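Below: one structure, written as structure tokens.
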Amino acid sequence: MDGSVTEKSDWAAQTKLSDRDMGKAISRAERADDTGESLDESLWTTLPTKTQIIGVTGPPGAGKSTLADKLIACARAQGLKVGVLAIDPSSPFSGGAILGDRVRMGGHAADPNVFIRSMGSRTNLGGLAAATRSAVRLLAENGVDVVILETVGVGQAELEIMHVADTVIVVVVPGLGDAVQMSKAGILEIADAFVVNQSDRPEAKRTKAELEQALMIGHKEGEMTTVTMTQATNGDGVDELWKIVRSHFERQVASGVLSARRLVGQRQEISDQVKKKIFRDLHAWLSGEEFLRLLHSKSSGAWTVNDLTTRASAAFLDRFRDPTRM
């Protein structure tokens with residue numbers, strides 16, 4: 001396998017941006033998403049293959065931040081440079097976020113080889129912040145070996161992590177739900193590794209067995225998803241999880257699966273960006289004079305919703321066929 005996956009980073013030699021400048025660059029990416037500004041960014045498929053992107057997801061209260069804190073320690077013990085993006089839910093009223101996940105990782109705040117940034121999810125519904133990919137690019141292109149993404153949560157709508165992370169860890173807690181419910185939400189399909197946290201609880205072994213049985217029933221091809229048990233508060237089981245996560249990444253690099261996975265991520269990113277651009281343009285068009293002229297071209301009683309929608313769609317799409325109307 002390519003030795004670049006396990007080689008140690010020299011912070012002084014590889015760093016292009018200071019932590020402060022990195023923070024400013026991420027803030028600019030967040031503003032750009034709000035305003036529609038175009039950023040000069042490289043393709044997802046050209047990210048350094050030595051950089052592993054690890055997604056840590058699961059329901060609120062599962063111990064994601066504490067587990068991420070322990071994974072940072074594992075990476076640093078191997079001399080790897082780490083970047084952490086902790087996505088916090090934003091208030092639907094004020095738009096603000098508590099951004100409290102950094103508190104649980106505070107023990108690494110003084111380490112110059114660890115960069116931790118909290119990001120509000122804002123109006124993004126996929127479990128990640130809209131500027132997550134931009135932030136990952138900045139970290140990867142500045143010599144970070146391991147990027148840890150902690151998501152808002154996981155459910156039927158928060159599955160965006162599977163298109164961004166190279167390895168997805170789904171953290172579950174005994175007693176919070178069974179494997180059948182997770183299967184309904186699609187969670188079984190997105191995980192590369194399951195973690196039953198709080199392994200000291202009496203239901204932990206049963207939860208692990210249920211997950212393994214569900215995974216076996218639904219298994220079709222490729223390697224079987226692993227299920228491990230941890231107690232993140234004291235670090236039990238985290239070393240084993242770290243070995244599983246790193247081995248998974250190394251196999252992806254060696255087999256070419258990593259390139260294929262990032263290509264899928266690139267397609268998803270372009271799809272998302274095209275949808276955003278079309279939505280912005282459509283919103284502006286519906287607020288403009290051309291739509292009003294169309295609306296008033298017949299008396300209100302002569303239009304049906306379907307007729308107006310069909311005509312509006314055709315008129316809006318004509319703008320893309322005729323650049324002079326853009």
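A short reminder: the numbers here are calculations on the coordinates, not readings from a lab. Just so it is clear, the structure is predicted and the values come from calculations on it, not from any experiment. Cβ atoms come from the backbone with ideal geometry, glycine included; neighbour counts cover every protein chain shown.
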Obtain the nm distance between the two label points defined at A314 and K275 by a simple spin-label model: each point lies 7 Å from its Cα along the Cα-to-C-beta direction.
-> 2.8
For segment 143-149, take each phi angle, set θ = phi - 60°, evaluate the Karplus expression 6.51 cos²θ - 1.76 cosθ + 1.60, and give the result in whole Hz per residue in order, putting x for glycine and proline.
-> x, 6, 8, 10, 10, 9, 10
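Given R₀ = 35 Å, FRET efficiency for V305-T233 by Cβ-Cβ distance, to 0.05?
Efficiency for this residue pair is about 0.05.
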Among V227, V264, Q213, flag the residue with its Cα farthest along the positive direction of the charge dipole of segment 181-274, charges on Cβ as +1 for Lys/Arg and -1 for Asp/Glu.
-> V264
Note, segment 60-71: 3J(HN,Hα) by Karplus (6.51, -1.76, 1.60, θ = phi - 60°), whole Hz, Gly/Pro = x, goes x, x, 7, x, 4, 5, 5, 5, 4, 4, 6, 5
Given R₀ = 25 Å, FRET efficiency for E240-I217 by Cβ-Cβ distance, to 0.05?
-> 0.55
Pull out the extension gain between D21 and T46, defined as 0.36 nm times the separation in residues minus the alpha carbon to alpha carbon distance; nm, one decimal.
-> 6.8 nm
Residues whose modelled amide H sits under 5 Å from the amide H of E150, counting only those 5 or more places away in sequence or on another chain, are V56, L85, A86, I87
Could you give the radius of gyration (one decimal) and Dmax (whole number) of the Cα atoms in segment 270-325, in Å?
-> 12.5, 40
Which distance in nm do the two modelled labels at M224 and L263 give, with both placed 7 Å along the Cα-to-Cβ direction?
-> 3.0
Rounded to whole Hz and in sequence order, give me ³J(HN,Hα) for segment 196-204 from the Karplus expression 6.51 cos²θ - 1.76 cosθ + 1.60, θ = phi - 60°, writing x for Gly and Pro.
-> 8, 7, 6, 5, 7, 6, x, 7, 4
Computed about the Cα centre, the charge dipole of segment 270-325 from +1 Lys/Arg and -1 Asp/Glu charges at the Cβ has a magnitude in debye, to the nearest 20, of 100
